[in-house]
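Notes for the one structure printed next.
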Amino acid sequence: MCPPEHFTVDYVINPWMDTTVPVDAALAVKQWQLLHDTLTDLGHAVHVLDARPGLPDMVYAANGAFSVDGTVYGARFKHPQRSAEAAAHQLFYAGGPWTFADPVHVNEGEGDFAYLPGAYGGLILAGHGFRTEPAAHVEAQEVLGRPVISLKLVDPAFYHLDTALAALDDRHITYYPEAFSAMSQRVLRQLFPDAVIADRSDAEAFGLNLVSDGHHVILNTEATAMADKVRAAGYTPVHVELSELKRGGGSVKCAVAELRP
Ligand code: ARG
């Protein structure tokens, strides 16, 4: 995670961002801290990257890389405003027992990649259409050695995979079908017939931008209907208020890069 100390909305690279509405950076930090403490209270170890001035979106740490079983596929941001974030993430992994692969193709890390270790022996789901290039899906498969299923995102409001789909545990997912092309919806139905289906209002409340440890599902406070759905599926929803981070087009999942050593 990376604190939103320098968080602002100074540029527009997704439909949620509005430079005319001021961001309350102090509130953003407070809300972020509560998310951080919620994760540690649930027993998770959280590493914190130092925020850097001039990189207001660095709080969305999920975009910095994607790791599977000790191998890290680095990010390469689409927009120049965010490109310097990748090196900060790379530096973090250099300090640990990771094999780091520098990417050739544009990809925004866990924003567009999800991993399900218990599905089909270990399956990667990957989004394209707005940020990550399909060529990066092929590259990720070669770097990480897991099958990558390419899914096409079609709604600009849900520009990253993690705004429209989430892993609930090692092999179950939840997603908002209409964020995907008709044929990608078909692929998801075939692979995950038991998925928890979300609707547009769940996705707009950033209810799919969740982090799950397989039991607790941490999600934005606004996503109350989504909380009911995950509860009905047997998980325990835990709400965290992240109204300020929503102004940049992100929520819980965007703020957390999951480490798979
Ligand atoms: N403002 C950021 C961008 O548009 C938000 C990133 C949200 N992160 C995510 N994992 N969806 O790049």
- Message: For Asp41, only one of the following conditions fails: (1) farther than 21 Å from His160 by Cβ; (2) crowded, with 20+ Cβ neighbours inside 10 Å. What is its number?
- Response: (2)
- Task: Exactly one condition in (1) in contact with a helix residue (DSSP H, G or I) (Cβ under 7 Å, 6 or more places away or on another chain); (2) small (Gly, Ala, Ser); (3) part of a loop (DSSP other than H, G, I, E, B) is not met by Ala126; state its number.
- Result: (3)
- Subset tally (residues that are in contact with a His (Cβ under 8 Å, 6 or more places away or on another chain), more than 16 Å from the ligand (Cβ to nearest atom) and closer than 26 Å to Pro15 by Cβ) for segment 92-144: 3
- Would you pick out the residues in segment 53-64 that are within 15 Å of the ligand (Cβ to nearest atom) and on the phi < 0 side of the Ramachandran plot? Leu55, Pro56, Asp57, Met58, Val59, Tyr60, Ala61, Ala62, Asn63, Gly64
- Determine, yes or no, whether Asp41 is over 28 Å from Leu191 (Cβ atoms), more than 12 Å from the ligand (Cβ to nearest atom) and modelled with pLDDT of 95 or more. yes
- Message: For segment 17-34, which positions are open to solvent by less than 60 Å² (accessible area, probe 1.4 Å) and either within 16 Å of the ligand (Cβ to nearest atom) or closer than 14 Å to Tyr60 by Cβ (or both)?
- Response: Met17, Val21, Val23, Ala25, Ala28, Gln31, Trp32
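Regarding Val230, is this residue over 22 Å from Gly248 (Cβ atoms), open to solvent by 20 Å² or more (accessible area, probe 1.4 Å) and either hydrophobic (A, V, I, L, M, F, W, C) or touching a helix residue (DSSP H, G or I) at 6+ places or on another chain (Cβ under 6 Å) (or both)?
Criteria not met by Val230.
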- Taking the options His89, His47, name whichever one is more than 12 Å from the ligand (Cβ to nearest atom), crowded, with 21+ Cβ neighbours inside 10 Å and farther than 26 Å from Leu188 by Cα. His89
- One residue from Gln185, Gln190 being in contact with a helix residue (DSSP H, G or I) (Cβ under 9 Å, 6 or more places away or on another chain) and either over 22 Å from Leu35 (Cβ atoms) or among the hydroxyl-bearing types (Ser, Thr, Tyr) (or both): Gln185
- Can you tell me which residues in segment 190-233 are assigned to a loop (DSSP other than H, G, I, E, B) and among the hydroxyl-bearing types (Ser, Thr, Tyr)? Thr221
- Please state which one of Ala157, Ala166 is within 16 Å of the ligand (Cβ to nearest atom) and either open to solvent by 40 Å² or more (accessible area, probe 1.4 Å) or not in a helix (DSSP H, G or I) (or both). Ala166
- Taking first residues from segment 247-261 that are acidic (Asp, Glu) and second residues anywhere that are within 9 Å of the ligand (Cβ to nearest atom), the pairs with Cβ under 8 Å that are 6 or more apart or on different chains are Glu258/Ala62; Glu258/Glu110
- Would you mind finding the one in Lys152, Lys78 that is in a strand (DSSP E or B) and open to solvent by 60 Å² or more (accessible area, probe 1.4 Å)? Lys152
- Kindly list, by first and then second residue, each pair from a residue in segment 97-123 that is more than 18 Å from Leu168 (Cβ to Cβ) to a residue that is aromatic (Phe, Trp, Tyr), limited to pairs with Cβ atoms under 7 Å and residues at least 6 apart or on different chains. Phe100/Tyr93; Ala101/Tyr73; Pro103/Tyr73; Glu108/Phe77; Gly109/Phe66
- If you go through segment 234-260, how many residues are farther than 22 Å from Tyr60 by Cβ, assigned to a loop (DSSP other than H, G, I, E, B) and open to solvent by 50 Å² or more (accessible area, probe 1.4 Å)? 1
- Message: If Asp155 meets every condition in (1) acidic (Asp, Glu); (2) in contact (Cβ under 8 Å) with a residue 24 or more places away in the chain; (3) over 24 Å from Val106 (Cα atoms) apart from one, which number is that one?
- Response: (3)
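The values are calculated or read from the model by the stated rules, or taken from the named source; none is laboratory data. It should be emphasised that the depicted structure is a prediction, and the values quoted were computed from it without experimental measurement. Backbone-built Cβ (ideal geometry, glycine too); neighbour counts: all protein chains shown. Only protein heavy atoms, including side chains, enter the accessible area calculation; ligands, DNA and RNA are left aside. Shrake-Rupley method; radii C 1.70, N 1.55, O 1.52, S 1.80 Å.
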